[in-house]
Amino acid sequence: MILSNGYALPLRLEIKAFRKLISIIVVAHVWAFFVVLSLVTSIIIKVFFVLLVAASLYFYLNRFRMNSGCMPTSLAIKDSAKARLQFSNNEGELAEIMGDSYFHPWLVILNLKMTEGKFFSLPLLRDSLANDQHRQLRVYLRLQQYSMIAEKKKQKTL
């Protein structure tokens, strides 16, 4: 049985809080903080790097908060490679799903091109979606990848 892109569509994903991702970010920054403190350099350089690590932690914690307005709360995929993002501040935006999106049973990184031309990467760990939705998204991305390969082969033969 050959599956088409229409098999997986329409797809509506409700994105939950990024608990595991936030804990990974905190652990990585705490580790970086201890690495900076263990450096054998002057105190001024240590303070500078500690401030950089703290600023990075602040930036990423604000970015991945669900109510920050910059992380989507839902994603709707209606036709091939087109998606609509709904943000917590009730703004919606159209985006194109890029072919270089990464998918794995535990992690999906959606690379999106927004309508203004900006690029946006959306990391989705398994806990940020329901199990069925995470699986459906991976199936959709696999089918999109197969259709892109088939399209490239057609173009080469012409």
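The values are calculated or read from the model by the stated rules, or taken from the named source; none is laboratory data. Bear in mind the structure is a predicted one, so any value in this text is a computation, not a measurement. With ideal geometry, Cβ positions are generated from the backbone for all residues, glycine too; neighbour counts draw on all protein chains shown.
Residue 64 meets the stated requirement of being in contact (Cβ under 8 Å) with a residue 24 or more places away in the chain and among the aromatic types (Phe, Trp, Tyr). Can you confirm whether residue 21 is surrounded by 12 or more Cβ atoms within 10 Å (Cβ to Cβ), touching a residue at least 24 places away in the same chain (Cβ under 8 Å) and over 17 Å from residue 128 (Cβ atoms)? In short, no. Restricting attention to the stretch 103-131, the residues being free of Cβ contacts under 8 Å to residues at least 12 places away in the same chain and either under 17 Å from residue 80 (Cα atoms) or of a type in the set (S, T, N, Q) (or both) number 1.
Checking each residue in the stretch 55-71 for being surrounded by 13 or more Cβ atoms within 10 Å (Cβ to Cβ) and at pLDDT 85 or above picks out 56, 57, 60, 61.
Only one residue in 32, 28 is in a helix (DSSP H, G or I), in contact with a helix residue (DSSP H, G or I) (Cβ under 7 Å, 6 or more places away or on another chain) and modelled with pLDDT of 85 or more. Which one?
From the options 32, 28, the qualifying one is 32.
Against the condition assigned to a helix (DSSP H, G or I) and modelled with pLDDT of 90 or more, how does residue 52 come out, does it pass? Considered against the rule, which asks whether it is assigned to a helix (DSSP H, G or I) and modelled with pLDDT of 90 or more, residue 52 comes out as yes. Out of the residues in the stretch 81-103 meeting the condition of being in a loop (DSSP other than H, G, I, E, B) and touching a helix residue (DSSP H, G or I) at 6+ places or on another chain (Cβ under 8 Å), tell me which one is nearest to residue 63 (Cα to Cα). The selected residue is 88. Put simply, of 112, 129, 85 the only residue that is hydrophobic (A, V, I, L, M, F, W, C), modelled with pLDDT of 85 or more and touching a Pro at 6+ places or on another chain (Cβ under 6 Å) is 85. For the stretch 72-102, residues that are in contact with a Leu (Cβ under 9 Å, 6 or more places away or on another chain), surrounded by 14 or more Cβ atoms within 10 Å (Cβ to Cβ) and in contact (Cβ under 8 Å) with a residue 60 or more places away in the chain total 5. Scanning the stretch 1-20 finds no residues that are modelled with pLDDT of 90 or more, closer than 25 Å to residue 138 by Cβ and over 14 Å from the mean Cα position of the chain (by Cα).
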